[in-house]
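Data block below; observations after.
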Amino acid sequence: MATLNLCAPAPVLVERCERLDGLLGRWIIELTSEAGAALVPYGRSGDTRQLGDTILASDGGAYCRPSTYLEALEVCVGHHWRGLRLLFQPDLLDGRTSWPGGYDAQSYLASNQRVWEEQYGSHAAHADCDGMPALDPRFLSDHIGTDMVESLESLEDYPVLDENDWSALELERQAEAWESWAAADWRKEVEKQLQALAPDEADQYWAEDRLDEVESLDGKLVELFYACAEQANEYWQEESDGSQWIRCERIVESLNLEDLKTLTGLALLPPSQEWRRQPYPWPGADPSPLVESLAI
């Protein structure tokens, strides 16, 4: 393996890289379309190489393996930055969907990435590397570049760039989960409770049919869901795959008869009170039932 090309980079560039090197992240050499034969990867495909895992061809045809940012800087300077650049990828900006499996990043990471890209995506120091933000330290000389580094340093103490955006993203994912599965699960739980109050002659679809008759059912189910969730002290939780989860089967334990009566407009009764639907001949009074019968 050849000795690295010891071309000394500018001290100010070394200082910037040293500051980034103290953060959570990784250094990457990215080959561009101008790389040419002198910079072809050895034994690997693609155009990005993580330091220590990468072998790059030198001008002389031998190979070198930069394993630190200083060695990588020497390689870049030695090639006069033609066909390659050195990038730093901060771990706390990695909001990408992971593969295989297609799992989402944790919400705070996804929020960090979109906040970062909104604030700094047009700056010269910002780079997109495999769908994740990265920094080119050559372009961190202005006040915005200073802000970028300070923002990254702040994440080391508290790993969220914007609390409001993080909260908004969690709500977005909860809405997605509601549309994807929770709305259907909640309706099934409500149907079970309603079916338990069906007339003896009713079939197994009685509760489903009664709910279908409710005007603006979807909105009413959402309102009922969150009212019962608060009463049950059940809240959305983020899973390790970035998805949002909540226990509908626990929430429905807070659903009561009055809730179902309000939702459906039906004259529901607990089983112990079903006798009120039968004619009761009070002396001198109309023998009509005290409570109307439910439709079958």
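Observations on the model:
- Any hit, region 197-205, residues being hydrophobic (A, V, I, L, M, F, W, C) and part of a helix (DSSP H, G or I): no
- Subset of region 59-95 [within 30 Å of the chain's Cα centre (by Cα) and either buried (at least 18 other Cβ atoms within 10 Å of the Cβ) or modelled with pLDDT under 90 (or both)]: Leu86, Leu87, Phe88, Gln89, Pro90, Leu92, Leu93, Asp94, Gly95
- Checking each residue in region 69-97 for being of a type in the set (Gly, Ala, Ser) and not in a loop (DSSP other than H, G, I, E, B) picks out Ala72, Gly78.
Residue by residue, here is whether (1) exposed (fewer than 14 other Cβ atoms within 10 Å of the Cβ); (2) under 22 Å from Ser167 (Cα atoms) holds:
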position	(1), (2)
Trp186	no, no
Glu189	no, no
Gln193	no, no
Asp203	yes, no
Glu208	no, no
Leu217	no, no
Val222	no, yes
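- Taking each residue of region 246-270 that is on the phi < 0 side of the Ramachandran plot and modelled with pLDDT of 95 or more and looking for partners that are part of a loop (DSSP other than H, G, I, E, B) and surrounded by 14 or more Cβ atoms within 10 Å (Cβ to Cβ) with beta-carbon atoms closer than 6 Å, six or more apart or interchain, yields Ile246/Trp236; Arg247/Glu234; Arg250/Glu234; Ile251/Glu234; Leu260/Leu268.
- Against the list (1) over 25 Å from Ser67 (Cα atoms); (2) assigned to a helix (DSSP H, G or I), the condition Leu161 fails is (2).
- Among the residues of region 108-140, the one identified as in a helix (DSSP H, G or I), touching a residue at least 60 places away in the same chain (Cβ under 8 Å) and farther than 23 Å from Pro11 by Cβ is Ala110.
- The set of residues in region 128-161 being surrounded by fewer than 17 Cβ atoms within 10 Å (Cβ to Cβ), on the phi < 0 side of the Ramachandran plot and charged (D, E, K, R) consists of Asp128, Asp142, Asp147, Glu150, Glu153, Glu156, Asp157.
The values are calculated or read from the model by the stated rules, or taken from the named source; none is laboratory data. None of the values given here were measured: they were computed from a predicted structure. Every residue, glycine among them, receives a Cβ derived from its backbone with ideal geometry; neighbour counts consider all protein chains shown.
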